[in-house]
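Just below is one structure, and these are the notes that go with it.
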Amino acid sequence: MRPRKRLGQHFLTHDGYLGAIARAANLTRNDTALEIGAGIGNLTKQLAARAGKVIALEFDRDMLRVLSSELNLPNVEIIEADALKVDYSVLSPERMVAVANLPYNIATEIVFRLIDARKSFRRLLLMTQLEVGRRFTASVGSKDYGVLAAVFGLWAQTKIEMTVPAGVFYPRPEVDSAVVRFEIRDKPVAEINSPELYSKIVRAAFAHRRKMLMNSLASNPSLGLDKNAVIAWLENAGIDPRIRAQKLSVRDFAMLERRFPHDNK
């Protein structure tokens, strides 16, 4: 089997790292694990030895043939599906633990989909490029803090579980990887009214990182507010209009969402 470059396939072949990832998922026989992109089944076998059930999603039909012939385990269900289109809510009646070596080219899109379907999960353990992993887990004010940390930090507690060197993949990628843990919160870290509006505000705030917050928000047509309205909105939320977005915490962004001036939009 040859990995397909257009699908961003890089197979993890190191038994030590495969075992470490499976252990980090903290699975029990009461758990259903969802593996996204099962590939040739290396990680699937490790998960099946720990979970009560493994649902293995795979999009590549060549890989599906390999899985079907080589992975004959009673607690593994193999499903042909696109991770960007599948309805996660129908896969299991119980909250799942998602484990995946994500294709670099669509990793962020998949994580957004998983967070949108957060009621179906209690934990995500996802491997991405190291640089992206740092953005998921960045703290306020750091150079990596931006949209990813501000959006996902609302719904999950995140941390880098381990780094994985490029040399243990086939084919070898150009960069190292990070395994990121997302512990899904029962409630968001701060109250909001609309997840869609929250994300829109965060994206608008970070669209121009070097601008003052009032200028970034006023220049974004998706919010529909002029500069005077933005300044009034920020002051009403107790936020200095002159600071930059990277100084705002998740709670600050939540306050902005709750105080958004809908009447002026």
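Key figures for this structure:
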quantity	calculated
Segment 8-37 - residue that is over 16 Å from Leu67 (Cα atoms) and among the β-branched types (Val, Ile, Thr) and, of those, surrounded by the most Cβ atoms within 10 Å (Cβ to Cβ)	Ile21
Scan of segment 50-69 for residues that are part of a helix (DSSP H, G or I) and either under 15 Å from Ala81 (Cβ atoms) or among the basic types (Lys, Arg) (or both), ordered by number	Arg61, Met63, Leu64, Arg65, Leu67, Ser68
Strands (runs of 3 or more DSSP E) within segment 90-194 that include 2 or more residues among the small types (Gly, Ala, Ser), in contact (Cβ under 8 Å) with a residue 24 or more places away in the chain and not assigned by TED's automatic domain parsing to the domain that holds His208	96-101, 177-184
Residues that are assigned to a helix (DSSP H, G or I) and closer than 16 Å to Leu114 by Cα, drawn from segment 70-89	Tyr88, Ser89
The one condition in (1) under 24 Å from Phe152 (Cα atoms); (2) over 28 Å from the mean Cα position of the chain (by Cα) that Ala232 fails to fulfil	(1)
Unique residue being touching a Gly at 6+ places or on another chain (Cβ under 7 Å), among the charged types (D, E, K, R) and assigned by TED's automatic domain parsing to the domain that holds Arg122 when the list is Glu80, Glu70	Glu70
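The values are calculated or read from the model by the stated rules, or taken from the named source; none is laboratory data. What you see is a predicted model, and the numbers here were worked out from it, not measured in a lab. Note that we place each Cβ from the backbone using ideal geometry, even for glycine, and neighbour counts take in every protein chain shown.
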